[in-house]
1. Hey, can you rank 204-213, 16-25, 240-249 by average C-beta count inside 10 Å, highest first?
2. What list of ³J(HN,Hα) values in whole Hz, one per residue of segment 144-156 in order, does the Karplus curve 6.51 cos²θ - 1.76 cosθ + 1.60 (θ = phi - 60°) give from phi, with Gly and Pro shown as x?
3. For the chain, build the charge dipole from Cβ charges (+1 Lys, Arg; -1 Asp, Glu) around the Cα centre, then report which of Ala119, Pro90, Leu230 sits farthest towards its positive end.
4. Of Ala108, Ala168, Val133, which is farthest along the charge dipole of the chain in the positive direction, counting Lys and Arg as +1 and Asp and Glu as -1 at C-beta?
5. Using a 10 Å cut-off on Cβ atoms, rank the peptides 125-132, 184-191 from the highest mean neighbour count down.
6. Counting only helical runs of four or more DSSP H residues, what would the 222 nm mean residue ellipticity of the chain come to if each run contributes -39,500 (n - 2.57) and the total is spread over all its residues?
7. On a straight-distance basis, which aspartates and glutamates could pair with Lys231 in a cross-link, Cα separation under 14 angstrom, same-chain partners fewer than 8 positions away excluded?
8. Taking a threshold of 24 Å on the Cα-Cα distance, which of the pairs Lys55/Lys206; Lys104/Lys204; Lys104/Lys206 fall above it?
Amino acid sequence: MFFHAHPDDEALLTAGTMAMLAAEGHRVVLVVATAGERGLAEMEPGDELGETRLKELYESAALLGCARVECLGYGDSGLSPKGGVADERPDNAFIDADTEAAAKALAAILHEERAELLAIYDPAGGYGHPDHVQVHRVGKRAAEIAGTEIVLEATVNRDPLVRLLKLAGRFYRFPPEFDVRTFESAYSPGETITHRVNVRKYTKQKRASMAAHASQASGGDSDRTLAVMLKVPRPIYRFVFGTEWYVRRDLPPGARLGHPFDRWPK
């Protein structure tokens, strides 16, 4: 089971792994906390955008081979202009949800599916979106309730990422919402990463998953991050997005695994 905050999050961090596991015959389930109704897009935030993004989510999930898609129904908490918790947010915002209640809702799906693995985010919530941080809290607790043995925190190796972004910044003007400095404390340092999953065979599906979220490739004053990624030439895309990273906290320091179900020698 893969637990994400909003539609399109699955495409960015875990799509290759999801497609790989589905191809191997595993039942892959995708759960999102919100419909992403407060995301940037050409249409105004609200129910219509949420409905559009859920339709895109189902398309993405189908392309990745998911057997089931669920939305927990919380409100998209949105972001403040500075990237933190928004002052104005819906009454049912995910960031304000009772962690235990949300975890029990997710644990019920884990029980029903008899899931062997749950993928969430690292404690930083990747780049720090409040709903992503909440996914970590809720997902971690849900796994405890359900007794799910394998919990993987989807992340990115920030060490080469920061070096690459600084280099790219010399030649390319990033979108306004894309602040390279935030990545210096985002995601996870390489020394903590336990899983480096080679998904190059599945980058076609990953790219298609990104493209399915058309509403998130537009809106704002310039190209959105997703649109920039989709402009990367295919051979380079396969190289850049061909690895997905995870942290499994119950493994010892120095663990280096290549598949979500690999076991570390005891």
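Readers should treat all values here as calculations from the given coordinates under stated rules, not as data from a laboratory. Keep in mind that this is a model prediction, so the values were computed, not measured. Counting neighbours? That spans all protein chains shown, and the Cβs are built from the backbone with ideal geometry, glycine included.
1. Working: 204-213: 22.4, 16-25: 20.5, 240-249: 19.0.
So the order, starting with the most tightly packed, is 204-213, 16-25, 240-249.
2. Rounded to whole hertz, the list is 5, 5, 7, x, 6, 6, 9, 10, 10, 9, 5, 7, 9.
3. So the residue we want is Leu230.
4. Of Ala108, Ala168, Val133, it is Ala168.
5. Details: 125-132: 22.2, 184-191: 15.8.
So the order, starting with the most tightly packed, is 125-132, 184-191.
6. Values: 9 runs with 98 residues, N = 266.
When only DSSP H runs of four or more count, the value is -11000 deg cm²/dmol.
7. Counting by Cα, and skipping residues close in sequence, Lys231 has these aspartates and glutamates nearby: Asp223.
8. Numbers: Lys55/Lys206 17 Å; Lys104/Lys204 35 Å; Lys104/Lys206 30 Å.
Flagged as over cut-off: Lys104/Lys204; Lys104/Lys206.
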